[in-house]
1. Search region 25-43 for residues that are within 10 Å of N78 (Cβ to Cβ) and among the polar types (S, T, N, Q) and pair each with any residue that is open to solvent by less than 70 Å² (accessible area, probe 1.4 Å) and modelled with pLDDT under 80 when their beta-carbon atoms are under 8 Å apart and the residues are at least 6 apart or on different chains.
2. Looking only at region 122-142, filter to residues that are modelled with pLDDT of 80 or more and open to solvent by 80 Å² or more (accessible area, probe 1.4 Å); which one of those is nearest to D16 (Cα to Cα)?
3. For region 1-10, give me each residue that is open to solvent by less than 90 Å² (accessible area, probe 1.4 Å) and modelled with pLDDT under 75.
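The values are calculated or read from the model by the stated rules, or taken from the named source; none is laboratory data. The structure displayed is predicted, hence computed values, not measured ones. Please note: Cβ atoms are built from the backbone with ideal geometry, for glycine as well, and neighbour counts cover all protein chains shown. For accessibility, only protein heavy atoms count, side chains too; no ligands or nucleic acids. Shrake-Rupley method; radii C 1.70, N 1.55, O 1.52, S 1.80 Å.
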Amino acid sequence: MLKGFKEFIMQGNVIDLAVAVVIGSAFATIVDAFTTAIINPLIALLGGNKEIGFAVQLLSDNPETIMDFGMLVTAIINFLLIAAIIYFVLVAPMNSMKEAAAKRKGVEAPASDNDLLVEIRDLLAGRPLTHPSDPQSPSSNL
């Protein structure tokens, strides 16, 4: 049982996920501070000189009926900034490193969907398998 757990933990996916969660939460703190200190005051400017900024109070005598659109815009900005940071700092470099490692190992790039469909069509038609880019291929004359 412990051996299986160790194999599970040592998989690249689990470690990548753990790193992403930790870094994502750190970026979330930074982005939250940025939106609270800079974006929220700018959004409140859109609301004019009202005390509650970019919000609407449905019942004037009940403060629980405030619909704060600024908070919604801030949450959307937070999400987009965090997603962009995670993608450009973690995902894109990791993908390019994996592609470079695959090229160094001599692993062929996967066939495109079009190549696979041509191969399937040729198999169904009983034709010999040839690569679509081959000039003497029967499928290149389509």
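1. Pairs found: T35/T74; T35/N78; T36/T74.
2. L123
3. The initial filter retains those residues of region 1-10 that are open to solvent by less than 90 Å² (accessible area, probe 1.4 Å), namely 4, 9.
Within region 1-10, just I9 meets the criteria.
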